[in-house]
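Structure, as structure tokens:
The values are calculated or read from the model by the stated rules, or taken from the named source; none is laboratory data. Everything quoted here is computed from the prediction, not taken from an experiment. Positions of Cβ are generated from backbone atoms using ideal geometry, with glycine treated the same way; all protein chains shown enter the neighbour counts. Each accessible area value is taken on the protein alone, full model and side chains, heavy atoms only, with ligands, DNA and RNA left out. Shrake-Rupley method; radii C 1.70, N 1.55, O 1.52, S 1.80 Å.
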Amino acid sequence: MADPDGAHGGDPRAGAAPPDGVRPPVKAVIFDWGGTLTPWHTVDLAQQWHVYAREYAAEPAEAAELADRILAAEDLAWSRTKSDGRSARLADVLAAAGVRTDHPGHPAAQAAYEEFWEPHTYTDPDVVPLFAGLRARGVRVGVLSTTIWSRDYHERVFARDGVLDLIDAAVYTSEIPHVKPHPEAFRHAREAVGVSDSAACVYVGDRPYEDVHGAQRVGMRAVLVPHSDIPASQQVPVDVAPDGVAHRLLDVLDLVDAWNR
């Protein structure tokens, strides 16, 4: 069941939106991807690179060493996003580990890497009726994902699951300078869905710091989807309360209906 009673305190110093009574109607709902539109999975992040390296390198010992180098490069890239908010890209991670994308082993390695991730990328069954319901209400649908993957990859995933044509606009941080919770990432998403007022946007995500804090800081409402088992190393302590809680994704329709009533 949706819980619209988590409205944050409206601290103007944090750039929070005004109370619900003076907010404009919801014109767009923007979604996080991993852990929100896709159910949370605990993934062996080292294994993804062993799968890649076994196809890229000729010898097992070389493959093991390469996998360790790529994992270290990826860890460094993600740590930089936390320290300064700069985005990262898969191509840069591979280059930092000494991987050449023109290497004869790269196409097979990339295919193996994507195959590894496939079972962890399936879209939640609620997404198609949720997106269709929002569009039927005249509400635009957006995506803002902190990701190192390309737009092409994400769009292939959405197309596979019959979702791509239901998305009005998507922003992937691999294409912009900053990641969530940087305000510019949310502004890019708001502009992409064609809404000029952040208070008319809702952001839906599974992380209190990146998603709830980040959205509220630019004046959006924030909805928390609280089912992800986020590793302690990825958690950032923050004192925030979401404007609503969706215990399943379809609850977002009830929240939007309540705010637009």
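Summary table below
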{"quantity": "Extreme residue, nearest to R156 (Cα to Cα), among residues of the range 33-77 that are open to solvent by less than 30 Å² (accessible area, probe 1.4 Å) and in contact with a Leu (Cβ under 7 Å, 6 or more places away or on another chain)", "calculated": "W49"}
{"quantity": "Residue selected from the range 26-76 under the condition part of a helix (DSSP H, G or I), within 22 Å of the chain's Cα centre (by Cα) and among the acidic types (D, E), by the criterion farthest from W149 (Cα to Cα)", "calculated": "D75"}
{"quantity": "Filtered residue count, the range 81-96, keeping only those that are over 26 Å from H106 (Cα atoms) and of a type in the set (D, E, K, R)", "calculated": "3"}
